[in-house]
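The values are calculated or read from the model by the stated rules, or taken from the named source; none is laboratory data. This is a predicted model, so every value here is computed, not measured. A quick note on method: Cβ atoms are made from the backbone with ideal geometry, for glycine too, and the neighbour counts reach across all protein chains shown.
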Amino acid sequence: MLIGLQNVTFEFGARVIVEDATWHIQPGDRVGLIGYNGTGKSTLLKVLVGEYLPSKGSVEKSKDTTIGYLHQDLLSFDTSENITEVALSAFERVRQLEKEIETLGHELEADTENEDLLIKYTDALHELDVLDGYNIHHKAEEVLHGLGFSNEDLIRPYKEFSGGWRMRVLLAKMILQQPDVLLMDEPTNHLDLPSIEWLEKYLLHYKGSVVIVSHDKFFLNKMVNKIVEVYQQQIHIYSGDYEFYEQEKMIRIDMQQKAFENQQDYIRQQERFIERFKAKASKAAQAQSVQKRLDKIDKIEDVQLERPDLRINFQLDKVPGKVLVSLKDVSKNFGTINIVDHTSAEIDRGDKIALIGANGKGKSTVLRMVAGTETFNGERVWGHNVEESFYAQHQLEALTMTHTILEEMQSCGSKKSDVELRSLMGAFLFGGDDIDKKIRVLSGGEKARVALAKTIVSKANFLILDEPTNHLDMHSVDLLADALNKYEGSIILVSHDRYFISKTANKIWEIVDHQIKEFKGSYQEWVEWNERMAKQEAAKTEPKAEPKAEPKKEQPKQVEKTPINKDLQKEVQKQQKQLQQIESNLNKAKAEKLRIEAAMGDPSMYADKNKFVQLENDYKSIQLQFNTLNQEYETAFEKLMELEAGS
């Protein structure tokens, strides 16, 4: 174990975050830490690193374990050093050695006969070599490039960069430190798609353990081998990726629901017996015995899914014309940096466009051009009856911190009554007195919901959304995607969340060579098209093999076939036996599975909690064995088909 929680209870005032929670992070773990907004994921990371102390239990850590912790509070760090120097500060001992070597070198120039100085100088050089200190600049540049920085950026002062880019520099520094455990709180919020893909590849080969808080399902499915869910003040651990977690959780919920219903049937049956016979002398003792047994039963809780349901209901006042907005021969640059150059594009009624690409290509700039809040050369033609609403990344910062939620909603000019606004904010999970909270005390996710509510309250028929899923949990992302699918208006959005894009977009815009390129189709279709184009391009650049005279077709006939056929026949027979064995094991597993399912249908099994827990474990074990054998059977069958075709 590297670090972990042992029977930890932690509270914020009267609010319990976790109770009697145990979780150990092992070498090689790649963990996705998930949970609904407000369940305490970020708080749990702070407990792990010792920023918060538990009220009960302990945080256990191996003596030599090093931890890297990437979190939003790091943005308070500021310096005028260039970003390469900030990244290089990861190599603290190497930088110290470099200074020592420089000092010792000067001293040796003045005193060439000093053997003690020479030994110190040689030892320092050796340690520098062992630490691979001569390559730190190359390593830093490689990681910074991977996270989207250009060669020109490497010498720019850290203080010149915006919050998202600063977080990338600090992520680069943390990666270069190579800690035993990386704790990362929403790292993909600050990355574009190419940088997310680079980070995925890097972390997949990372030797240390990684814990990631993220709402990006694609990222988690590629990255993690374990899911830790914070739910109902408990920690639930699932071995597998996010997709496995979703399936396994539904099985667990289904089993608990069946167990609850069976136990309730059993309790009702026993209560009827008690009620019927408690007054009968010959049965009274038995009825009392049954009552005592009932009193000792460990009650199984009813399944109550505590999940916030963001009830987003878009309403339109007007139906727009066929074309909402046209960009005609538009150009935009910032000094020498070209964003778009003499390009044109059109958004039609019903379009749901995802604008994708690397950071720095100008996605947010193009959104502002569409919205009319950015100056540019060329023409922007607005369609008939178009009413837009623009959700931008900076809107969270633009919220008035001293306002209550209600005051903030009143200030957006929707002309809705306080009663209507309270009802609307209830749909955004701000119930009761929550609407009187000050904006400044809200979490990032809560601020995002307020800003989204302000966007939606306008009844616009055209939504312009810049990273709307940042700070939302996965369930809320799902609900927003579903709402946008039902939305009858048009959308253009920028998002780095591939799952969200795949659920919402029917067109893809990409900025390529300063031109807006349109692809008519879903995100998955766009990915597949790109892969086909890349393969075709690779095929063009491959050197063509010189045509050679093919060997005569008669030649294979001269080779003696009999030994080959015999070998193949032996292999086929061997594979047939293996398939029969797997089939036999599969039938046994199926019979055992049916036996356990029948036992689970017996209400008396739920009178004893230990028996039920054992039965639940047996069922999960046989289900896993059954699935594994099924997969083995399919693989063996396909191999047999191949062998038989070859023979």
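Any residue at all in region 480-496 that is assigned to a loop (DSSP other than H, G, I, E, B), more than 23 Å from the chain's Cα centre (by Cα), buried (at least 23 other Cβ atoms within 10 Å of the Cβ) and not assigned by TED's automatic domain parsing to the domain that holds Ser214? Yes, region 480-496 contains at least one residue that is assigned to a loop (DSSP other than H, G, I, E, B), more than 23 Å from the chain's Cα centre (by Cα), buried (at least 23 other Cβ atoms within 10 Å of the Cβ) and not assigned by TED's automatic domain parsing to the domain that holds Ser214.
Tally the residues that are part of a loop (DSSP other than H, G, I, E, B) and at positive phi, restricting the search to region 323-338. The qualifying residues number 1.
Counting the residues of region 136-168 that are under 25 Å from the mean Cα position of the chain (by Cα), at negative phi and among the small types (Gly, Ala, Ser) gives 4. Do we have any residue at all in region 521-538 that's surrounded by fewer than 13 Cβ atoms within 10 Å (Cβ to Cβ), within 23 Å of Lys332 (Cα to Cα), more than 26 Å from the chain's Cα centre (by Cα) and not aromatic (Phe, Trp, Tyr)? Taking every residue of region 521-538 in turn, none turns out to be surrounded by fewer than 13 Cβ atoms within 10 Å (Cβ to Cβ), within 23 Å of Lys332 (Cα to Cα), more than 26 Å from the chain's Cα centre (by Cα) and not aromatic (Phe, Trp, Tyr). The condition (being closer than 23 Å to Lys207 by Cα, at pLDDT below 90 and part of a helix (DSSP H, G or I)) is satisfied by just one residue among Tyr134, Tyr121: Tyr134.
Looking only at region 45-54, decide whether some residue is out of contact with any Gly (no Cβ under 7 Å at 6 or more places or on another chain), among the β-branched types (Val, Ile, Thr) and assigned by TED's automatic domain parsing to the domain that holds Val230. Yes - at least one qualifying residue is present in region 45-54.
Just a yes or no: is a residue in region 564-576 exposed (fewer than 10 other Cβ atoms within 10 Å of the Cβ), modelled with pLDDT under 60 and over 30 Å from Arg293 (Cβ atoms)? No, region 564-576 contains no residue that is exposed (fewer than 10 other Cβ atoms within 10 Å of the Cβ), modelled with pLDDT under 60 and over 30 Å from Arg293 (Cβ atoms). If you take the residues in region 250-298 that are modelled with pLDDT under 80 and not in a helix (DSSP H, G or I), which one is farthest from His475 (Cα to Cα)? Applying the filter and picking the extreme gives Lys280. Just to be sure, is Ile596 within 30 Å of Asp265 (Cα to Cα), in a helix (DSSP H, G or I) and modelled with pLDDT of 70 or more? Taking the combined requirement at face value, the residue satisfies it. Restricting attention to region 196-215, the residues that are of a type in the set (Gly, Ala, Ser) and either in a loop (DSSP other than H, G, I, E, B) or crowded, with 23+ Cβ neighbours inside 10 Å (or both) total 2.
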